[in-house]
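A quick write-up on the structure given underneath.
The values are calculated or read from the model by the stated rules, or taken from the named source; none is laboratory data. If you're wondering where the values come from, they're calculated on a predicted model, not measured in any experiment. Heads up, the Cβs are rebuilt from the backbone with ideal geometry, glycines too, and the neighbour counts pull from every protein chain shown. The area values use the complete protein model at the heavy-atom level, side chains included, leaving out ligands, DNA and RNA. Shrake-Rupley method; radii C 1.70, N 1.55, O 1.52, S 1.80 Å.
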Amino acid sequence: MNDFSLSSLRAAADMVHAQVPPTPQYAWPLLGQRAGCDLWVKHENHTPTGAFKARGAITYIDWLRRTHPEVTGIITATRGNHGQAQVRAATAAGIAATIVVPHGNALEKNAAMRAFGATLIEHGHDFDSAKAEAIRLSAQQGLFMVPAYHDELVRGVASYGLELFDAVPDLDTVYVPVGCGSGLCGTIAARDALGLKTKVVGVVSAHVDAAKRSFEAGRLVSSPTAYTFADGVAVCTPVQAALDYFGPRADRFVGVTDDEVAQAIRIYWQDTHNLAEGAGAVALAAALQEKERMRGKKVAVILSGGNGDMSQMAEILGGATPQVTMDMRKAI
């Protein structure tokens with residue numbers, strides 16, 4: 001049973017803040033004018049790994065050291081941000097880290113994981129196939145398999161929600177990117193622990209919308225493909241434990257197209273001079289899609305990460321939308 005009480009989340013936040021200072025939240029005036037509302041951006045692109053997952057890894061590795069002191073090596077699957085976070089936290093704790101990524105993964109994310117100390121393995125063509133290989137290697141090599149979703153990850157990630165709600169407690173709506181769900185669940189946990197009435201909206205790619213369809217159906221639904229350049233939300237099969245938590249607590253889900261995401265990246269650069277990766281821009285894309293619904297309200301969007309490949313970012317800032325190749329098919 002998860003413990004997402006306020007005291008538990010505050011203790012997790014203290015642990016996170018010992019390594020990761022609170023990130024800022026700004027109401028950028030140009031962005032607000034464009035969106036037609038009082039729009040706040042939570043800058044999770046300003047963590048030591050350039051993404052929000054740095055937080056959850058700290059609390060998860062602390063839990064691992066306390067509950068499984070015999071573990072000397074971990075393994076996990078990732079499109080990049082989860083892996084960077086786990087390698088950073090594990091290495092700091094004296095634990096070796098092996099990371100499995102799909103072929104065609106972002107080059108800069110791969111390089112960053114190696115720089116943090118990872119043994120990097122490429123396998124398959126999407127997150128789900130990389131995850132299957134990580135599970136196989138975990139059994140074969142005696143490595144501890146770190147999931148993409150776990151209560152201890154959520155406790156750490158909830159620290160950004162506490163920071164945001166402490167700074168701006170009267171938000172009407174918060175838009176949160178959804179991959180495996182720790183960000184959405186952490187934001188909901190922080191809101192509920194503080195007793196706020198803010199609506200929390202999950203955002204997915206319209207091209208890989210399994211989490212949205214699962215939420216609406218009340219059961220797990222898979223996407224057949226992972227055709228989106230927003231790799232942080234390119235998850236074909238949702239996590240049951242995440243759905244169990246956010247299912248009755250999220251307000252709704254929004255799906256955004258790759259064209260909308262690319263435009264949101266350009267808008268972030270134009271209006272704030274922050275560079276967002278694809279998954280980092282989906283929340284803004286959703287807020288802009290729902291501009292009339294949000295008009296005049298106080299709204300926040302989570303800029304969950306800024307770790308985009310330079311070549312891809314150059315293409316997007318030049319006015320194009322990256323095309324996902326057919327080798328990104330679902331492998332399992």
**Complete:** Mean-square fluctuation maximum in Gaussian network of the chain, Cα pairs under 10 Å, restricted to E133, E122, E70, hits E70
**Message:** Just want to confirm a number: the relative contact order over the chain, from Cα pairs under 8 angstrom separated by 6+ residues, in percent.
**Reply:** 22
**Tail fraction, Cα-Cα pairs, segment 53-145, threshold 16 Å, whole percent** = 48
**Prompt:** What are the residues whose amide H is under 5 Å from the amide H of W40, where those residues sit 5 or more places off or on another chain and H is modelled from the backbone?
**Reply:** V299, A300, V301
**Item:** Semi-axis lengths (Å, descending) of the ellipsoid that matches the C-alpha gyration tensor of the chain
**Value:** 28, 23, 18
**Asked** Which listed residue (A134, H68, M310) has the Cα farthest towards the positive end of the charge dipole for the chain, taking +1 on Lys and Arg C-beta and -1 on Asp and Glu C-beta about the Cα centre?
**Response** H68
**Fill in**
Going residue by residue through segment 54-61, the Karplus relation 6.51 cos²θ - 1.76 cosθ + 1.60 with θ = phi - 60° gives ³J(HN,Hα) values, rounded to whole Hz and with x marking Gly or Pro, of 4, 5, x, 4, 5, 6, 5, 5
**Asked** So, with +1 on the Cβ of K and R and -1 on the Cβ of D and E, and no other charges, what is the size of the charge dipole of the chain about its Cα centre, to the nearest 20 debye?
**Response** 360
**Asked** Sequence-distant or interchain residues sharing an amide H contact under 5 Å with F144, placed H: which?
**Response** G73, I74, I75
**Asked** Out of S311, S138, S129, any idea which swings most in a Gaussian network model of the chain, alpha carbons joined below 10 Å?
**Response** S311
**Asked** Which percent, to the nearest 5, of DSSP beta bridges fully inside the chain are antiparallel?
**Response** 15
**Item:** Average accessible surface area per residue within the chain, 1.4 Å rolling probe, Å²
**Value:** 37
**Prompt:** Along segment 41-50, what does the Karplus equation 6.51 cos²θ - 1.76 cosθ + 1.60 (θ = phi - 60°) give for ³J(HN,Hα), rounded to whole Hz, x for Gly and Pro?
**Reply:** 10, 8, 8, 6, 6, 9, 7, x, 10, x
**Prompt:** So how do R155, R136, R213, R55 rank on accessible area, 1.4 Å probe, biggest first, that is with the largest at the start?
**Reply:** R136, R213, R155, R55
**Complete:** Heavy-atom accessible area of the chain with neighbours in place, 1.4 angstrom probe: carbon+sulfur share in percent works out to 53
**Asked** What does the charge count near F4 come to, summing +1 for each Lys or Arg and -1 for each Asp or Glu among other residues with Cβ under 14 Å from its Cβ?
**Response** -1
**Message:** Here is the link list: K42/K297; K109/K199; K131/K212. Which ones come out longer than 28 Å on Cα distance?
**Reply:** K109/K199
**Prompt:** Could you give the dipole magnitude of segment 53-145 about its Cα centre, charging the beta-carbon of Lys and Arg +1 and that of Asp and Glu -1, in debye to the nearest 20?
**Reply:** 260
**Request:** Return the long-range amide H neighbours of L120 (sequence gap of 5 or more, or a different chain), with a cut-off of under 5 Å between placed amide H atoms.
**Result:** I99
**Asked** What list of ³J(HN,Hα) couplings, whole Hz, do you get for segment 173-186 from phi and the Karplus terms 6.51, -1.76, 1.60, once you set θ to phi - 60° and write x for glycine and proline?
**Response** 8, 10, 9, 10, x, 10, x, 8, x, 5, x, 5, 5, x
